[in-house]
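Written out below as structure tokens is the structure these notes cover.
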Amino acid sequence: MLDTLMSVDEAIFTRRTCRKFRKDPVSPETLTKIIDAARYAPSSCNLQLWDFVLVNDPETKAEVAEETRYVHLAPVSLFVSYGNNYTRENYAWVQSAAAAIQNMMLMAHSLGVASCWVDTLGDVDRVRRILGLPAEREILALVLFGYPELIPKAPRRRAIDILLHYDKYKGRLNWPSSDDPEEWTLEQIRDFQMAKIRNGARYNKPVPSERDAVLEALGEFVHVQDGRWLDVLPLTGLYTEEIASRYPKVDLTFAEMTDQVFEFVQDRAPRTLRHELYPDAFHEGPEGYDVMSLIFRLEGYPRDERRQYLTTMRRRIKDDGQLFLAFVNRRSYHRPLRWMRGRIGHSGVEYALAPDPSLGPFKAATPGEIRADLHATGWRVRDRRHFFAVPPSDEIEFRAGRKGRKVKLAGQALTRISQLLQPVGPVLGPVARVHAWDVIPA
């Protein structure tokens, strides 16, 4: 047996997924040890139908990169395949390949080599043909290996008492499969957001045009130099970070639902911020705020819930204060583009529930709905801006052009259509995707 540098429990509990690798090569001897660990994984009926393809040739790697750009992230790109014509019961071939992958990643970690398990592979049939694999060999994953440039901190884990059941399942399903917030409870929204935050992602890659448009409107509407500012339910903290930077003298507080999100937002902010727990501390909180912001958050909560927090916000703001509000218009290209993304790009419940700029359920609203909610809770619109009656090119690339050649081609076609429609964009406000409003107490 091979001597490793770590005990089994140390390797299991300290391994991290790495997404930033150094360019230093991994020696053939080290790679052999890693692959050898895969040979000792359990497999269905002990058939050991693994095949691993290590992609080194630059031309082959460039061709594969048309489907999955991740091959360029690390010095070692290893495709894992398994025979799909035997032991198909209960996805036995998938289980066998997964066991081998886990063995390799643990062995690599014990040797000081980082790894990343990638399942976003684009058109796997085309990748299989590029790699020369027979039809009976199904590609299950791409595993990246290399020496880490950055070792991420440990993400939080679900507690054992939540996921362990004796004799019979005694829990409940975590979340609905629908992306309609009306079908979610506040507790479920909170738990889903915690899970997404727990996985350690930074969520700091917005569509540049969208971010720039929101910040343009923010700068146009809000001119305070100091005072008190409450940012409501910012979740990822993307715009909280920008507010803290652009308005350095304001006393900035944000309201969110969990301690984990508090830490997440504070970590990305350029200065120390105040925070308060939603809903209890938020609804009981003090008055006297000069500015409030609510950016892409009305769409993520049941309508009764959003009217409750709009009512509380009205109570807590000064009579001469202002609310900066941004939302996604349902009568825009938003829904068709999401549908297309699901058909030719990312699909599955996770992607339906995590459309930028949100994590969790998200249902774009109409301007009429938002005006009605504001009117019912004591607000009125003073000014408004709208953006993107047609999709900007970077949004198409961001949402559709991330998964394979077919998606890239579709994205290029949509970009061309978008360019042709740009001249009429300013007169298409009712169907613009992003609306930013300057709102004041009624």
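The values are calculated or read from the model by the stated rules, or taken from the named source; none is laboratory data. Since we're looking at a predicted model, the values are computed, not measured. Ideal geometry is used to build each Cβ from the backbone, glycine not excepted, and the neighbour counts take in all protein chains shown.
Here is how the numbers come out for the structure above:
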quantity	calculated
Test: THR253 is part of a loop (DSSP other than H, G, I, E, B) and in the same structural domain as ASP383 (by TED's automatic domain parsing)	no
Residue within region 283-292 that is farther than 18 Å from GLY360 by Cβ and either aromatic (Phe, Trp, Tyr) or in a helix (DSSP H, G or I) (or both) present	yes
Residue within region 386-401 that is assigned to a helix (DSSP H, G or I), more than 23 Å from the chain's Cα centre (by Cα) and modelled with pLDDT under 65 present	no
Boolean, THR68 is among the hydroxyl-bearing types (Ser, Thr, Tyr) and at pLDDT below 90	yes
Residue among ASP161, ASP226, ASP231 that is out of contact with any Cys (no Cβ under 6 Å at 6 or more places or on another chain) and either part of a helix (DSSP H, G or I) or polar (S, T, N, Q) (or both)	ASP161
Selection status of GLU305, at pLDDT 95 or above, touching a Lys or Arg at 6+ places or on another chain (Cβ under 9 Å) and farther than 21 Å from ALA244 by Cβ	no
Single unsatisfied condition, ALA100 versus (1) at pLDDT 90 or above; (2) among the small types (Gly, Ala, Ser); (3) not in a helix (DSSP H, G or I)	(3)
Residue that is farthest from the chain's Cα centre (by Cα) [pool: residues in region 105-132 that are within 30 Å of SER7 (Cβ to Cβ) and in a loop (DSSP other than H, G, I, E, B)]	LEU111
Sole residue being on the phi < 0 side of the Ramachandran plot, crowded, with 20+ Cβ neighbours inside 10 Å, assigned by TED's automatic domain parsing to the domain that holds GLY360 and out of contact with any strand residue (DSSP E or B) (no Cβ under 6 Å at 6 or more places or on another chain), chosen from THR240, THR272, THR258, THR236	THR236
Tally, over region 276-298, of residues that are of a type outside the set (Phe, Trp, Tyr), crowded, with 21+ Cβ neighbours inside 10 Å and under 24 Å from the mean Cα position of the chain (by Cα)	5
Positions within region 309-339 being in a helix (DSSP H, G or I) and surrounded by 17 or more Cβ atoms within 10 Å (Cβ to Cβ), in sequence order	TYR309, LEU310, THR312, MET313, ARG314, ARG316, HIS334, LEU337, ARG338
Some residue of region 178-188 being assigned by TED's automatic domain parsing to the domain that holds ARG315, part of a loop (DSSP other than H, G, I, E, B) and either without any contact (Cβ under 8 Å) to a residue 12 or more places away in the chain or in contact with a strand residue (DSSP E or B) (Cβ under 7 Å, 6 or more places away or on another chain) (or both)	no
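Per-residue answers, yes or no, for (1) surrounded by fewer than 17 Cβ atoms within 10 Å (Cβ to Cβ); (2) among the polar types (S, T, N, Q); (3) under 25 Å from ILE130 (Cβ atoms); (4) under 33 Å from the mean Cα position of the chain (by Cα):
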residue: ASP9; (1), (2), (3), (4): yes, no, no, yes
residue: PHE13; (1), (2), (3), (4): yes, no, no, yes
residue: THR17; (1), (2), (3), (4): yes, yes, no, yes
residue: VAL26; (1), (2), (3), (4): no, no, yes, yes
residue: ALA38; (1), (2), (3), (4): no, no, yes, yes
residue: ALA41; (1), (2), (3), (4): no, no, no, yes
residue: SER44; (1), (2), (3), (4): no, yes, no, no
